[in-house]
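A.B. asks: Take a look at the following structure, please.
The values are calculated or read from the model by the stated rules, or taken from the named source; none is laboratory data. Computed from a predicted structure; not experimentally measured. Cβ placement follows ideal geometry from the backbone for every residue including glycine, while neighbour counts extend to all protein chains displayed. Areas reflect the complete protein model, heavy atoms only, side chains present, ligands, DNA and RNA absent. Shrake-Rupley method; radii C 1.70, N 1.55, O 1.52, S 1.80 Å.
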Amino acid sequence: MKINKVVGPVPSGLKYEGSDFKSKGLVKWCPGCGDYAVLASLHKAMAEIGVAPENTVVVSGIGCSSRLPYYMGTYGMHTIHGRGAAVATGVKVANPDLNVWLMSGDGDSMAIGGNHFIHMIRRNVGINMVLFNNKIYGLTKGQYSPTSDRGFVSKSSPFGTVEDPFIPGELVFGARGTFFARTLDVEMGLTSKCMVAAHHHPGTSVIEALVNCMIFNNGTHKEFSDRAVRADKTIILEHGKPMIYGKDRNKGLVLDGLTLKSVTIGENGIEESDILLHDAHSVNPILHQMLATMHETDGMPVALGVIRDVKAPVYEEELVSQIADVQEKSTIETVQQHLDALTRWTVE
């Protein structure tokens, strides 16, 4: 049978509950680990998406977060370190109608699997990736990772790191990524929303989930994730809505030349109409990158929600179309005919 068009994963028409996507296996993460919240958000999101569990595949690499496929009532593959993106690509290309998810950590995807990460994004394969970022190698008991902050003290950096970390969003945009979202483990509703949006995005979607590691890096995100300061230290972006945040909803973002700036509505003549509107569908990635990295500047919030969501050709659709086109034009019907048509050399 010749496949000449990708339908993609479609809802079964049945109504699901989160429990339909849970496995019967015991979840084995440390008590209080942020991964629990992401797992629960994923169960909820998959029920809302409505694609049947038997048409869903969850792939992972190696690390604490990569145990997640065991906790899903779907098909799953726990692969090798850093290679989850390659395996997930193979699954999606072999059967584009499957709903394919990839679970990975900051070490698995940013270090060992860094090359696979950027090329999956560049190709725009129809994979939904959740990147668990706790800024540490937890499974191997506490070495610094590519996202650990400069000066971070760990078992492998006893005097502090002397290098700057990756910001995953920058890598996504550098690889010409078409979808990037960020969430916190404690923002479970937002996490589910980002996952549903990722599913509906054609091509590769990356969700950076900032999670806490209770044992080896407890409190790594508390500077902005703590309930007491979260509203003033984070901003949840929504397409088409003004970039307003703060516990009193009186702070906002404006452009000051080529730089993002936080202002207070009602001060210095600033009105709500002066605040930038979020356009996640803008093809130009410059403002998206500025939003993803602005927290590096003192006084600026951490951007959460869907930061970028633009359309571009999807790898498996292009591949299937190309194969169908070549098959239609080719007169070769057997392997022997193919071999006979190859260029031959005589070695004398």
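A.B. asks: Please work out the Cα center distance from segment 284-348 to segment 32-56, rounded to the nearest Å.
C.D. replies: 27 Å
A.B. asks: To continue, here is another question. Leaving out ligands, DNA and RNA, what percent of the accessible area of the chain is carbon and sulfur, probe 1.4 Å? Provide the component values of the computation, followed by the final result.
C.D. replies: Details: 9660 of 17990 Å².
The nonpolar share, carbon plus sulfur, comes to 54 percent.
A.B. asks: For segment 149-243, which chymotrypsin sites (Phe, Trp or Tyr not before Pro) pass both filters: DSSP loop (anything but H, G, I, E, B) and at most 13 other C-beta atoms within 10 Å?
C.D. replies: Passing sites in segment 149-243 are 159.
A.B. asks: Going 7 Å from the Cα of residue 215 toward and past its Cβ, which residues in segment 94-116 have a backbone nitrogen under 20 Å from where you end up?
C.D. replies: 104-109, by backbone N distance to the label point.
A.B. asks: Stretch residue 318-residue 222 to full length: gain in nm at 0.36 nm per residue minus the Cα-Cα span?
C.D. replies: 30.2 nm
A.B. asks: Of 139, 291, 131, which is the most mobile in a GNM of the chain whose springs link Cα atoms less than 10 angstrom apart?
C.D. replies: 139
A.B. asks: To the nearest 10 square angstrom, how much accessible area does residue 334 have with a 1.4 angstrom probe?
C.D. replies: The accessible area comes out at roughly 70 Å².
A.B. asks: If you don't mind, another one. Accessible area per residue of the chain at 1.4 Å probe, in Å²?
C.D. replies: 52 Å²
A.B. asks: Among the lysines, select those whose C-alpha is under 30 Å from the C-alpha of residue 261, and discard any that sit fewer than 8 residues away in the same chain.
C.D. replies: 135, 193, 222, 233, 241, 247, 251, 311
A.B. asks: Compute the distance in nm between two label points, each set 7 Å from the Cα along the Cα-to-Cβ direction, one at residue 273 and one at residue 239.
C.D. replies: In this crude label model, residue 273 to residue 239 measures out at 2.7 nm.
A.B. asks: So for 10, 87, 59, what's the accessible-area order with a 1.4 Å probe, most first?
C.D. replies: 10, 87, 59
A.B. asks: What does a probe at residue 261 reach in segment 280-307, counting residues whose amide N is under 20 Å from the point 7 Å along Cα→Cβ?
C.D. replies: Once the point is set 7 Å along Cα→Cβ of residue 261, 287-303 turn out to lie under 20 Å by backbone N, inside segment 280-307.
A.B. asks: In segment 1-59, which GluC sites (Glu not before Pro) fall in coil by DSSP and have 12 or fewer other Cβ atoms within 10 Å?
C.D. replies: 17
A.B. asks: For segment 204-221, list residues with backbone N below 17 Å from a point placed 7 Å from the Cα of residue 170 toward its Cβ?
C.D. replies: Of the residues in segment 204-221, 208 have backbone N under 17 Å from the label point off residue 170.
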